[in-house]
Amino acid sequence: MGVFAWRNLLTRPLRTVLALIGLSVPILGVMGLFSVSNGLRDLVGETLSQIEGVMVIRENVPSPVFSTLPVSLADDLRRLPGVRAVAPEVWGIAPNIEGRGMLVRGLMSKKGMGSVFDQPVISGQDIAAHMNLNSAVFPRALKEKGEGRFLTLEDIGKPNIVISRKIARDFPDRQGNPRKLGDGLRIADKNYTIVGIYETGSLLLDVVIVMDIETARSVLNFAKDSISSIYVEAKNPGEYDALSATIEKANPGVDARSMNEVKANFGSLMGQVDKLLMMTVSLALIVGIVGIINTMLMSTTERFVEFGVLRTNGWSEANILTLVTLESAFLGLLAGIVGCVLALIGTSVANQFISGGVHLGVNPSLLGMGISLSVVMGTLGGLYPAWRAARLVPMEAIRIGSH
Amino acid sequence: MIEVVNVWKSYRSGTRWVEALRGINCRIERGRFAFIVGPSGSGKSTLLYLLGALDRPSNGEILVNGQNLVTMSEAMQNLYRREQVGFIFQSFNLISNLSALENVLVPSLPRGITADQRERAVELLKQVGLEDRLDHHPYQLSGGEQQRVAIARAVVKQPLLVLADEPTGELDSKTGDEIYKILRSMQATFQTTLVVVTHDRRFITPDDLVLEIQDGQVAHPNGAISAGSSSAHGPKAEGSAGFNGEGDSPGRGVSLKAGE
């Protein structure tokens, strides 16, 4: 019966193609939106996987860039049980670089306004404290994929910086070549020497310019007795969640975020985003289902005689129901495959033009979801026409169809 | 044996109700070649479809080989149509996207086709002269060839009863002759009861049973119309609707009940 149903679809190629388009476009929409969601998950997941410790910031701020904490908090944290290392940091969005402020950088960028969201950020590090860390992200990234050296005690108070390869490319020299070791980079009208270039592979991290904490205070006009955040390492890597709880309990008003917690929060946030996306695309899916119903209704109305003849040959109502539903399910399957292929092509093309570190991702599970969704839509859309065809009295079907 | 007892059938046509059959009574012995004749709209096809359990009468009883089609469940009706009745239509009604062979096998499609069934279908198509047309689709066949496929489809299940609705209505007379030869040959071979609705009395032979319907009732040979009987065992009408206006001879198998 499956072959018969398949052939019935091919018998009316134009209608089948039109129905396919009608259903594959919503599926393409679903795939497109979820590929963005997947891209964000991958980006954040990739970033978080490189960070092990606990980030302590002020409560109710989204990131270290907006946080201020007293310097004395670092000593308080050192005294807590389970703490191995404490590294204070100062964070801030880089003021003008090479004479270009944040807005200008966004407007003048060839990548358009999207680059406003991947602006360079300054991370001022307490070098001595950071050298004591086992899980510092940037030194490891420099060692693995970068060049030059990371900051050492001799860089304290000096205008030496470590930048990412991305920043080196985004702020080329006068000849248009990427910045290299030993080159200068003007930040807030002051020249800084590049001593190291790192590459984490995460575009959320590859926007950071690392410098000494005092130098950063000077660039960002940060108060002497303040810091933005503190990176804390636990003695036992398996105890980060417990350590976060201990820090928050001992220091009201601070937020100690373990990467597990960040991952969980982000996962929950993306879950909500996915629900929102699903609600949005549901409208398109409903339109797709209505299209299938319309197509199958036309198809079954034209085939009353055929159904009557099948009934005269002993086909039951269930057989007719199965036949028509199979046809619409096949239609859904085809539309799902077409939608997925279009989504693969579309995201590949889009990834060539998207900046900001988001890489649209269509993974096998998303492909499976797209095809399954399409088959379900096709099946649902075919149920009413199938029921209508199956309910025909054979004699009436032949009589109506003959006229 | 087929026994039709005081069968009424009405159906809705737009806003009004039409009484297609008004108390039909008849009996057709097993293995006979029977014709239902009468003017257009007299209820011939309605009666034929009721014999095939394609619809239920509004009133009355239809017994085929002892099975009451009126009280039969939907599932049993499906089984009856699948295994005991074959249909042949005026417009052939083959499935356009199936080959000749697949059309013959249509009754078996939902449950899967066995090698035996396929072999039998091929054999039947050979018998009707279509051995070189097995893989042809309906649009590649002439009208006569399509009807031969339809005949093969009707008899592939070795049915108790074959019902044909104007089987030569869309064919020229020469092809019509061929179709009737095949039908008679099949009927003789399989000892199947054949009931044919037709306007064309050329194909009726003296040995055939003839049931003339007029205005939803069985007409007497002299043109009188029998009223419907409420009894399945009412007095028999000795005559029947003769194929050429002559009286029916006793023992031809059709019994007409006198109307009330």
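Computed from the coordinates by the stated procedures, all read-outs in this text should not be read as laboratory data. Just so you know, these numbers come straight off a predicted model, no measurement behind them. Methodologically, a virtual Cβ is constructed for each residue, glycine included, from the backbone with ideal geometry; neighbour enumeration extends over all protein chains shown.
Assorted remarks:
- Nearest 10 degrees, 0 to 90: helix A:364-390 Cα axis against chain A principal axis: 20 degrees
- Additional length obtainable on full extension of the chain from residue A:156 to residue A:352, 0.36 nm per residue less Cα span: 66.5 nm
- On the principal axes of its alpha-carbon atoms, segment A:185-241 has extents of 45, 33, 18 Å, going from largest to smallest.
- Figure legend: label point modelled 7 angstrom from the Cα of residue B:11 along Cα→Cβ; residues of segment B:27-58 with amide N under 20 Å from it are B:36-58.
- Longest segment of chain A lacking trypsin sites (Lys or Arg not before Pro) that sit in a DSSP loop with at most 10 other Cβ atoms within 10 Å: A:225-403
- Here's the picture: a label point sits 7 Å out from the Cα of residue B:65 along the beta-carbon direction, and within segment B:1-25 the residues with their amide nitrogen under 14 Å of it are B:1-3.
- Neighbour counting of Cβ atoms within 10 Å sorts the residues A:68, A:325, fewest neighbours leading, into A:68, A:325.
- Amide H contacts under 5 Å for residue B:219, placed H, 5+ residues apart: B:212, B:213, B:214, B:226
- Estimated distance in nm for a label pair at residue A:372 and residue B:191, the labels positioned 7 Å out from Cα along Cα-to-Cβ: 5.8 nm
- Computing Rg and the Kirkwood Rh from the Cα coordinates of segment B:1-62 gives a ratio, Rg/Rh, of 0.98.
- With all projection directions averaged, the alpha carbon convex hull of chain A covers 25.5 nm².
- Simple spin-label estimate for residue A:268 and residue A:14 gives 5.6 nm between the two label positions (7 Å along the Cα-to-Cβ direction from each Cα).
- Expected 222 nm ellipticity per residue - DSSP helices of 4 or more, -39500 (n - 2.57), all of the protein assembly as shown, to 500: -14500 deg cm²/dmol
- Label-point gap, in nm, between residue A:145 and residue B:142 - each point 7 angstrom along Cα→Cβ: 7.7 nm
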